[in-house]
1. Do we have ALA217 as buried (at least 16 other Cβ atoms within 10 Å of the Cβ) and out of contact with any Cys (no Cβ under 8 Å at 6 or more places or on another chain) here?
2. Under the condition of being of a type in the set (A, V, I, L, M) and crowded, with 17+ Cβ neighbours inside 10 Å, which residue from segment 242-265 is nearest to PHE31 (Cα to Cα)?
3. Consider segment 56-82. How many of its residues are modelled with pLDDT of 95 or more, basic (Lys, Arg) and either closer than 19 Å to GLY116 by Cα or not in a strand (DSSP E or B) (or both)?
4. Using the structure shown, decide if SER274 is surrounded by fewer than 17 Cβ atoms within 10 Å (Cβ to Cβ) and under 30 Å from ILE28 (Cβ atoms).
5. Just one of THR236, THR269 is in a loop (DSSP other than H, G, I, E, B), of a type in the set (Ser, Thr, Tyr) and closer than 18 Å to ASP104 by Cβ; which is it?
6. Every residue in segment 141-171 that is of a type in the set (Lys, Arg) and farther than 23 Å from THR55 by Cα, please.
7. Do we have ARG17 as more than 23 Å from ILE126 (Cβ to Cβ), surrounded by fewer than 20 Cβ atoms within 10 Å (Cβ to Cβ) and among the basic types (Lys, Arg) here?
8. Test GLY90 against the criterion of being in contact (Cβ under 8 Å) with a residue 60 or more places away in the chain, on the phi > 0 side of the Ramachandran plot and touching a strand residue (DSSP E or B) at 6+ places or on another chain (Cβ under 9 Å), and give yes or no.
Amino acid sequence: MSFTIEERGNPNTQNYRVFFRNSEGKYISPFHDIPMYADEAQNIFNMVVEVPRWTNAKMEIATKDPLNPIKQDVKKGNLRYVANVFPHKGYIWNYGAIPQTWEDPGHKDRDTGCCGDNDPIDVCDIGSKVCSRGEVIKVKVLGILAMIDEGETDWKVVAINVEDPEAKKFNNIDDVRRLKPGYLEATVDWFRKYKVPDGKPENQFAFNEEFKDKDFAIETIKSTHGFWKALISQETSAGGLNCKNTCVSTGDSPFCCTNDEAKAVVDGTCPCGSEDPIPSSVDKWFYYEKN
């Protein structure tokens with residue numbers, strides 16, 4: 001199963017969107033229509049890359065927009081860029097989400113004591129390739145970190161692209177610790193500090209900042225898939241989420257979107273145009289040390 005993207009609007013502006021098509025050329029939702037599993041028997045998952053490694057633009061699946069294209073997050077009327085907090089430059093992994101998952105804000109996690117963050121579950125790909133925005137890659141899950149972001153559970157799955165030359169060497173979180181020493185510590189440090197330059201407090205973590213292993217991670221992903229199933233079958237209120245899809249829901253569902261309706265959504269956006277320059281402030285460097 002392969003997927004392609006279609007860019008609309010002007011990159012580095014608020015009208016920029018990345019829409020998805022499947023191998024049949026049909027417009028789809030990366031949130032709902034791309035399967036969670038690439039190979040269920042081998043526990044290989046699909047990952048939608050939202051933010052390529054070393055970049056700063058906070059791109060994300062637009063869960064409240066029709067067809068859920070990737071767009072840049074906006075805060076206080078401005079495009080959001082993640083700060084460079086020493087010793088990091090932008091994102092230190094390819095960052096994205098596993099489709100057909102949802103961290104239910106109405107469900108309090110028994111381990112963290114906090115409800116979900118209302119988004120698909122996040123993934124950090126530690127492979128050597130710098131991926132492209134909108135790329136759909138197959139990943140092997142290695143472990144998971146439980147971040148608490150402003151009182152919400154925000155799981156961070158650690159995974160590796162199965163096409164990475166070293167993927168066979170990585171089968172659990174201990175392999176990351178052994179073969180890429182310091183990477184897990186850097187990951188905790190990144191997530192702890194990345195909002196501090198914006199005036200936010202440090203993020204906290206469950207399990208005393210420890211990563212849980214592969215089995216725990218897979219069970220957590222499966223539970224978020226269960227929450228997504230309840231969402232897409234209308235057992236759970238969608239709230240402000242847009243659940244329109246072209247491949248999952250049947251014709252009697254309000255979430256079922258025809259090909260013509262999907263095309264109209266894309267045609268209603270601006271054609272792809274020239275990009276705006278990235279603000280020079282994005283390259284600013286922050287040194288932060290907890291007092």
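The values are calculated or read from the model by the stated rules, or taken from the named source; none is laboratory data. Everything quoted here is computed from the prediction, not taken from an experiment. A quick note on method: Cβ atoms are made from the backbone with ideal geometry, for glycine too, and the neighbour counts reach across all protein chains shown.
1. So ALA217 fits the description; yes.
2. For segment 242-265, the residue satisfying everything is VAL248.
3. Number of matching residues: 3.
4. Criteria met by SER274.
5. THR236
6. Scanning segment 141-171 gives LYS168, LYS169.
7. So ARG17 fails the test.
8. Judged against the criteria, GLY90 is not a match.
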